[in-house]
Amino acid sequence: MTTLVLLPGLGCDARIWDAQLPVFVGHSVWMSDLHTRHDSVPEMAQALLDDQSGDLILCGASLGGMLALELYAQAPQRVRGLALLGTSARPDTPERTAMRVEGMRLMQQALEGKPAGFAALLQANLPFSMHGDALDDKPLVARFMAMLRETGPAGLIRQNRMSMTRRDHRATLANVRCPTLVLCGEDDQVTPPEHGQELAANIAGAALELIPRCGHMLTMERPAAVNTALRAWLGRLSS
């Protein structure tokens, strides 16, 4: 049996795939919450491989895409397709690590009884996560912020640590031998287009699509464009 595994990004959960569920009808779908239960990307990958039997189709966003690459590195023979959304094969730069460390410091303060700093941090990071068009959609922003608040400071600290310590998978890309889709928002500030271009350039036969007027949260910001690309990708898998 082949399972389509949905891998959400940092601070997110199954809700980031709500608009994609019609695309996945007819597939055996498993929604991962591994990033809420483990402490490293390799540990998450091993847990998934132990839990899920058979072949895998991996669809990952951001941290979920990084996990998809780790899964491929650990068990390439089990992966039948990859969709990599708003993600990167590179490790963190020193500048990104410094940003995470400062954010984690503010989150730790929230754990110590200063919640105002946590709320302010989430608000300040909104323009970094989404295109300005999406920020005008108040219900969309509310759904996104609800996920982050529910993850909470402790969860976000742990998931940032996982991201900071992930492996460099640029060497993995040349070994990928399955139909691969790479999606990136043209205005993504978290994993800018050059990260997606690098993925596609180094994976044989990968399809690359840059979505205009879109930031990092592709599935929520531009669901119609994402769904069109995913349908084409799933079509390649079944042909």
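What follows is calculated from the coordinates using simple rules that are stated; it is not laboratory data. Bear in mind the structure is a predicted one, so any value in this text is a computation, not a measurement. Cβ coordinates were reconstructed from backbone atoms using ideal geometry, including for glycine residues, and neighbour counts include every protein chain displayed.
Would you grab the residues whose amide H sits under 5 Å from the one on ALA83? Only those 5+ places off in sequence or on another chain, please, with H modelled 1.01 Å from N.
Residues meeting the criterion, in which the H sits 1.01 Å from N, are LEU58, CYS59, GLY60, LEU181.
With unit charges on the beta carbons (Lys and Arg positive, Asp and Glu negative) and the dipole taken about the Cα centre of the chain, which residue among SER129, GLY86, PRO76 sits farthest to the positive side?
PRO76
Hey, what do the phi angles of region 164-176 turn into as Karplus ³J(HN,Hα) couplings, whole Hz, using 6.51/-1.76/1.60 and θ = phi - 60°, x for Gly and Pro?
Rounded to whole hertz, the list is 5, 9, 5, 7, 6, 10, 4, 6, 5, 4, 5, 8, 5.
Quick one: which residues, 5+ away or cross-chain, put their amide H under 5 Å from the amide H of ILE211? H built at 1.01 Å from N.
CYS184, GLY185, GLU186
For region 158-210, report the convex hull volume of the alpha-carbon atoms normalised per residue, in Å³, without decimals. Walk me through the intermediate numbers first.
Values: hull volume 4.7 nm³, N = 53.
Normalising the Cα hull of region 158-210 by residue number yields 89 Å³.
May I ask for the equivalent-ellipsoid semi-axes of the chain, computed as the square root of five times each C-alpha gyration tensor eigenvalue and listed largest first in whole Å?
Rounded to whole Å, the semi-axes are 27, 20, 17.
Show log10 I(q)/I(0) for region 140-183 at q = 0.14, 0.27, 0.32, 0.34 Å⁻¹, two decimals, from a solvent-free Debye sum over equal Cα scatterers.
Cα-only, vacuum Debye calculation for region 140-183: -0.61, -0.91, -1.06, -1.11.
Can you compute the charge dipole magnitude of region 44-177 about its Cα centre, using +1 on each Lys and Arg Cβ and -1 on each Asp and Glu Cβ, nothing else charged? Give it in debye, rounded to the nearest 20. The partial results should precede the final answer.
On the way: 16 positive and 13 negative charges, 46 e Å.
Using only the charged Cβ atoms, the result is roughly 220 debye.
Please work out the C-alpha center-to-center distance from region 196-231 to region 40-80 and express it in whole Å.
The two parts, judged by their Cα centres, are 19 Å apart.
Sorted from fewest to most neighbouring beta carbons within 10 Å, what does the list HIS38, HIS169 look like? Mind showing how you got there, number by number?
Working: HIS38 19, HIS169 23.
Listing HIS38, HIS169 from fewest to most nearby Cβ atoms yields HIS38, HIS169.
Mind checking the dipole of region 93-239: about its Cα centre, +1 per Lys or Arg Cβ, -1 per Asp or Glu Cβ, Debye to the nearest 20? Write out the running numbers ahead of the final one.
Values: 17 positive and 15 negative charges, 118 e Å.
Value, rounded to 20: 560 debye.
Quick one: which residues, 5 or more positions from THR3 or on another chain, have an amide H under 5 Å from its amide H? H modelled 1.01 Å from N in the peptide plane, none for Pro or chain starts.
So THR3 has HN proximity to ASP55, LEU56, ILE57.
How big is the charge dipole of region 161-200 about its Cα centre, in debye rounded to the nearest 20, if each Lys and Arg gets +1 on its Cβ and each Asp and Glu gets -1 on its Cβ? Spell out each step's value before the answer.
Values: 5 positive and 6 negative charges, 85 e Å.
Using Cβ point charges on Lys, Arg, Asp and Glu, region 161-200 gives about 400 debye.
Could you compute the FRET efficiency for ALA14 and GLU102, with r as their C-beta to C-beta distance and R0 at 30 Å, rounded to 0.05? Kindly include the intermediate steps, with their values, before the conclusion.
Numbers: r = 29 Å, r/R0 = 0.98.
That gives a FRET efficiency of 0.55.
Using each residue's phi in region 13-18, evaluate 6.51 cos²θ - 1.76 cosθ + 1.60 at θ = phi - 60° and report the 3J(HN,Hα) Karplus result to the nearest Hz, with x for Gly and Pro.
9, 4, 5, 5, 9, 3
When the Karplus curve 6.51 cos²θ - 1.76 cosθ + 1.60 is applied with θ = phi - 60°, which whole-Hz ³J(HN,Hα) does each residue of region 66-77 get, with x for Gly and Pro?
5, 5, 4, 5, 5, 4, 5, 4, 7, 8, x, 5
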